Amino acid sequence: MSELNDYLEGKITFEEFERRREERKAKNKDEKGEVSDEEEEEDEAADQEDPVPSTSKRCARETRKRQTETTEEGVSPSVQRAFASMMGDGLEECVDEDEEDEDGKMEWKAIGEEDGDDDDDDNEDDADADEEDEEDNDGNEVTPGDVFALEMELNRENKKMMKERRPRSKLPRALRGLMGEANIRYARGDKEDAILMCMEIIRQAPVAYEPFSTLAMIYEDQGDMEKALQFGLIAAHLNPSDCEEWVKLADMSLEQDNIKQAIICYTKAIKYDSSNVQYLWERSSLYEQVGEHKQAMDGYRRILSLLPPSDGEQFMQLSRDMAKSYYESSELPSAIGVMEEALDRHPELVSHECVNMAAELFIANHQHDKALEALVKFCGIVLKRQEKEETETADQTPAQDKEGEEKKEDSEEEKGKILEVVIPDDVPVDIGVKMMVCLIHQQVFKPLDPMLTSLMEQSPEELGDLYLDVAEAFMEEGEYNSALPLLSALVCSERFNLAVVWLRHAECLKALGHLEVAVKSYSKVVEMAPLHLDARLALSTLQQQLGRPNMALEALEPMYDAETLAQDSSAAQQELKLLLHRSTLLHAQGRTDDYIDTVLTMLSMLLKVAMVRAKVCVVSDTSSGVKHLKLIKVSCNKLMEIDDQEAAYLDVTGKTSVLSRDDWWKLLLRCLAVLCELKRFTEAELLVDSSLEYYSFYDDRVKRKELEYLGLSAAFLDHNFRKAYDYIRLMLMDNVERTQLWNVFNQVTLHSQDARHHRFCLRLMLKHPDNHALYLLNGHTSLVSGTFKHALGQYMQAFRNQKDHPLHSLVVGLTFFHMGCQRFVMKRHPLVVQHAKDSTTDQCADHQEPEDQVKKLVKFMTGPGQADPGFSFLWRYVDLRGHCQESLYNLGRALHQLGLIHLAIHYYEKALTLPPLKLEGIDDDQVDLRREIAYNLSLIYQSSGNKEMARHVIYTYCTV
């Protein structure tokens, strides 16, 4: 048989297998007659010593093991018999060749060869019969199909054997004796030595499960259940196919209240025995205990698939329990699926309870047609429909066919119209009510009259829930007139005089237009359930519609206290909804102070963590005689510290999820606008500071920029110029070329009297050396501080960039005047007055005489041929600016500063006769310089002793 083994192992081809087989058959024929009985025995012994692998596996001495015995190569007796029958030979029985063999292997003697040399019986008759069989089988050839069939059979047997084969021990042979000795010591009670032996075995063979199993039993006997469980788990993981061991470990885990460990053990047991219903049931029960609803339901579904048809009652009970659990966890489709499967698999076991539950699930899922079908099918309810004669025409045109298809649905509905419903007497009233609900939702109202009359005859004290189901069905379909009698009967009862019933009663009255009565019903709901938000909102809306704004606001009074709002997120969400409606009503009624109180309450809930970081809180203020809320700045020790601000921020975000981020943003902007209208700029500033500490607003660049602008405006209007400077400084660093920001910066620095901006402008000049605004600002700073040379350098830079700008000529000329007015200066007169340029000769005729005097004075003081730094820039300013109140006033001031009084008076008086400039967006009074001019003139008159003229000028132009 060596050629067969070689072929099965893939060592030779099929052609080589046939060739060797033919050679062996021929050789056996030649040697058959010469072989004696003794030689046959020797050959038999030699065959047993042949190196060809044995075709049988170790047979156990016990009957259970003999039923599953296989060969070493995985060839079972059935395969051997199949091969022997294909070859035409017999199969010897299995004998125990060596009982004391260490591996306990049992070998089959041999598979009979086709020429009969394997069968060696003691009698000659059997030998002759074998010879005849050989001669008969000589002509039988083995086909490739036979070999393929043999291979398939071997493959199937191999797979079967692999499934049934027990896991081989990983304990080395050298340690098996020590393991047996440890077990013996344990049996004798010498547990300490047994533990030491097991530990030694573990040290040498850590993957063998036997010592761990023995240690688990030892510690269990000693009462150390924790160690017993740990060693048992290790043994089970090393020998995972022992399901009983896993179940035992699960029980031990449950004794130690370790449910998760028990679940893992049952999962391991189910892996190797997936059809064990008990394991699945126990694991699903444990999943329910730990709250793993989905896993528990998945286990129960597997149990349903494994239950045989004979366990129908258990199947139905489990299906009802699963449907109830699914329904309680809001998994309505899954609950419906379980009940549908139960109704389909065991229709003969369907009870009224099952039908009632299935119908309730279908109705809850708005599948009223399926609910109606189930009620009719399993409860014996008869639906009598209208009979309609069918008229068919043999010859119809295509157009008629098309019209018939379009009207097919309508005709079917008319044909199937329900006229009467016959309900057996044994059907419970619950099922009858569900039938009514299904008919109502299908717009079938005619058969309902007798059923509704029968229901109304019953006492609402006993069947109030059924009354409510039918009334709600009528309301969902818009049949409020039909629902109102049922609800009126319920609200008059003692048992069902509940808030939910009054709410349905109020909704029904509101839909019918009975607003006054509906208000009473809603008031009853609010009285019985003061935390019902929908009832409060509906009552407020009705009161507003009835022209009772104060009562509408009373319905929207706060429902929870501050402590409850801080702990309960659902309460906070309901409170926010109520406050939102209240703020809308207050804003519509023009009650701005109350509106601010409501909005500040809402924003304080959103900005709770941000206000702590900004050191802002909301307090009550009764200074005006009425209690209102306001924002104040507090110190750190008066604020409640928040350890984990990120977690608190997420908690606040969850509570305030009623409004979207954009809605909160609009609410914040509206609140800031109202605060500014009420001149509460300080609170607006604090609210902006808190909003900038809120992550959602700060991370949005657009919102952050808008908040900064609002904060700048609020701080400026609140005269908090130091805070305004912080805002404008950040804005200028982002956009240094924006002129409007520099104008605001000038206003802030002008009012703040703070010198911080000097260094800021100098540092900014290093980054932006070509910025025109910085030239002027640094020049102004140097001019004010008395460093005129530095100021002149900055002004000249601006003058070179924009020579035609009148302001640049003015500031350069003024700088020269200031330099000339210093106490210690060389060449004082050339700095102030030098040769006037010819460009001044085109002045108006009215100015010709004073100007000539100025020129003559210049020539007298300096002599000819020198430049005129001061007056040349000043005349240039007048030329560029034109003859107006501003230019003449500035020229008069320069002459006044130099002591040229008679010339200054001339320009002051000329400026008084001119009107102020017209500037867009600015009042004339703000740019009118007549008060300043008159005051300077009065000073001149007073110094010259003309007090009457000074008083005249003051009374004429400086009166308030």
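The values are calculated or read from the model by the stated rules, or taken from the named source; none is laboratory data. Not measured: the values here are computed from a predicted model. For neighbour counting, all protein chains shown are included, and Cβ atoms are generated from backbone atoms with ideal geometry for every residue, glycine included.
Every condition in (1) farther than 19 Å from residue 682 by Cβ; (2) over 31 Å from the mean Cα position of the chain (by Cα) holds for residue 620 except the one numbered (1). The criterion of at least 1 residues that are of a type in the set (Val, Ile, Thr) and touching a Leu at 6+ places or on another chain (Cβ under 9 Å) is met by the following helices (runs of 4 or more DSSP H) wholly inside the stretch 744-805: 772-785.
For residue 751, the criteria (1) surrounded by 13 or more Cβ atoms within 10 Å (Cβ to Cβ); (2) of a type outside the set (A, V, I, L, M); (3) under 60 Å from the mean Cα position of the chain (by Cα); (4) modelled with pLDDT of 85 or more hold in every case but one, which is (4). Of the helices (runs of 4 or more DSSP H) contained entirely in the stretch 369-445, those carrying at least 3 residues that are modelled with pLDDT of 50 or more fall at 429-441. In the stretch 903-928, the residues that are farther than 27 Å from residue 941 by Cβ reach residues that are of a type outside the set (A, V, I, L, M, F, W, C) with C-beta atoms within less than 8 angstrom, at least six apart or across chains, in these pairs: 918/924.
Each row is one residue, and each column tells you yes or no for (1) closer than 19 Å to residue 770 by Cα; (2) touching a helix residue (DSSP H, G or I) at 6+ places or on another chain (Cβ under 7 Å); (3) modelled with pLDDT of 50 or more.
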position: 792; (1), (2), (3): yes, yes, yes
position: 795; (1), (2), (3): yes, yes, yes
position: 818; (1), (2), (3): no, yes, yes
position: 832; (1), (2), (3): no, yes, no
position: 836; (1), (2), (3): no, yes, no
position: 841; (1), (2), (3): no, no, no
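For the stretch 459-481, the count of residues that are more than 30 Å from residue 526 (Cα to Cα), surrounded by fewer than 19 Cβ atoms within 10 Å (Cβ to Cβ), outside the structural domain of residue 526 (by TED's automatic domain parsing) and free of Cβ contacts under 8 Å to residues at least 40 places away in the same chain is zero.
Counting only residues that are of a type in the set (Phe, Trp, Tyr) and in contact with a Leu (Cβ under 6 Å, 6 or more places away or on another chain), which one in the stretch 672-697 is surrounded by the most Cβ atoms within 10 Å (Cβ to Cβ)?
Applying the first criterion (of a type in the set (Phe, Trp, Tyr)) to the stretch 672-697 yields 681, 694-695, 697.
Retained after the next criterion (residues that are in contact with a Leu (Cβ under 6 Å, 6 or more places away or on another chain)): 681, 694.
Values: 681: 18, 694: 25.
Applying the filter and picking the extreme gives 694.
Only one entry of 937, 898 meets the criterion of being at pLDDT 90 or above and either of a type outside the set (Ser, Thr, Tyr) or within 60 Å of the chain's Cα centre (by Cα) (or both), and that entry is 937.
Sort out which residues of the stretch 167-217 are in contact (Cβ under 8 Å) with a residue 24 or more places away in the chain, closer than 26 Å to residue 252 by Cβ and of a type in the set (D, E, K, R), and write them in order of number. I'd like the intermediate steps shown before the answer.
Step one: filter the stretch 167-217 for residues in contact (Cβ under 8 Å) with a residue 24 or more places away in the chain, giving 167, 169-173, 175, 179, 182-183, 186, 191, 194, 201, 204-205, 207-214, 217.
Subset that is closer than 26 Å to residue 252 by Cβ: 167, 169-171, 179, 182-183, 186, 191, 194, 201, 205, 207-214, 217.
Once the filter is applied, which keeps residues that are in contact (Cβ under 8 Å) with a residue 24 or more places away in the chain, closer than 26 Å to residue 252 by Cβ and of a type in the set (D, E, K, R), the stretch 167-217 yields 170, 191, 210.
Scanning the stretch 707-723 for residues that are crowded, with 17+ Cβ neighbours inside 10 Å and either more than 13 Å from residue 748 (Cα to Cα) or touching a Gly at 6+ places or on another chain (Cβ under 7 Å) (or both) turns up 707, 708, 710, 711.
If you check residue 457 against the conditions, is it more than 19 Å from residue 384 (Cα to Cα) and touching a Lys or Arg at 6+ places or on another chain (Cβ under 8 Å)? Criteria not met by residue 457. Meeting the requirement of 1 or more residues that are within 25 Å of residue 660 (Cβ to Cβ), the helices (runs of 4 or more DSSP H) wholly within the stretch 490-598 are 533-545, 562-567, 569-589. Pairs linking a residue in the stretch 773-785 that is under 16 Å from residue 818 (Cβ atoms) and among the hydrophobic types (A, V, I, L, M, F, W, C) to a residue that is at pLDDT 85 or above and not in a helix (DSSP H, G or I), with Cβ atoms under 7 Å and 6 or more positions apart or on different chains, do not occur. Taking the criterion of being surrounded by 16 or more Cβ atoms within 10 Å (Cβ to Cβ), over 38 Å from the mean Cα position of the chain (by Cα) and not in a helix (DSSP H, G or I), would at least one residue in the stretch 319-339 satisfy it? No, the stretch 319-339 contains no residue that is surrounded by 16 or more Cβ atoms within 10 Å (Cβ to Cβ), over 38 Å from the mean Cα position of the chain (by Cα) and not in a helix (DSSP H, G or I).
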